[in-house]
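Please read the structure below before turning to the comments.
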Amino acid sequence: MSKKEIKTSNAPAAIGPYSQAVVAPVGRTVYLSGQIPLDPDTGALVTGDIRNQTRRVMENLKAVLAEAGLDFSDVVFTTIFLASLNDFQSVNEVYKSYFEAGSVQPARATVEVARLPRDVAVEISCIAVDASD
């Protein structure tokens, strides 16, 4: 199997030289590019409350995972990029609602960065593994 791009209109299209996700040729590992709070229907940024922005980011990731035949239970690693670590608790509250309580949670890194694309407050990327084979 060669490297395969995952692309869905149910999440914002890539706005640069990257894919929404890529299935690696070794096993069934899917690397999802970082998602920002862009509404895939309008292309508009979700602004204001960080919880609403995080929810949009998570819904975008959910759409890309679904296109790859996966869901959040398949996620093994995430990276959260925040414009301000002051938003950590609020982002975490929304983030955890997408993962089943009591199950193995993905490994994660969270970092504060100087700037994100389109000056958003949050971006999240993840890696998922299809263990169904």
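Among (1) in contact with a strand residue (DSSP E or B) (Cβ under 6 Å, 6 or more places away or on another chain); (2) buried (at least 17 other Cβ atoms within 10 Å of the Cβ), which single condition is VAL46 missing?
Result: VAL46 fails condition (1) only.
Restricted to segment 91-128, and to residues that are of a type in the set (Gly, Ala, Ser) and surrounded by 17 or more Cβ atoms within 10 Å (Cβ to Cβ), which residue is nearest to VAL22 (Cα to Cα)?
The residue in question is ALA128.
Here, each number is a calculation from the coordinates, and none is a lab measurement. Quick caveat, the model's predicted, so the values are computed rather than measured. Cβ sites come from the backbone with ideal geometry, for glycine too, and all protein chains shown count toward neighbours.
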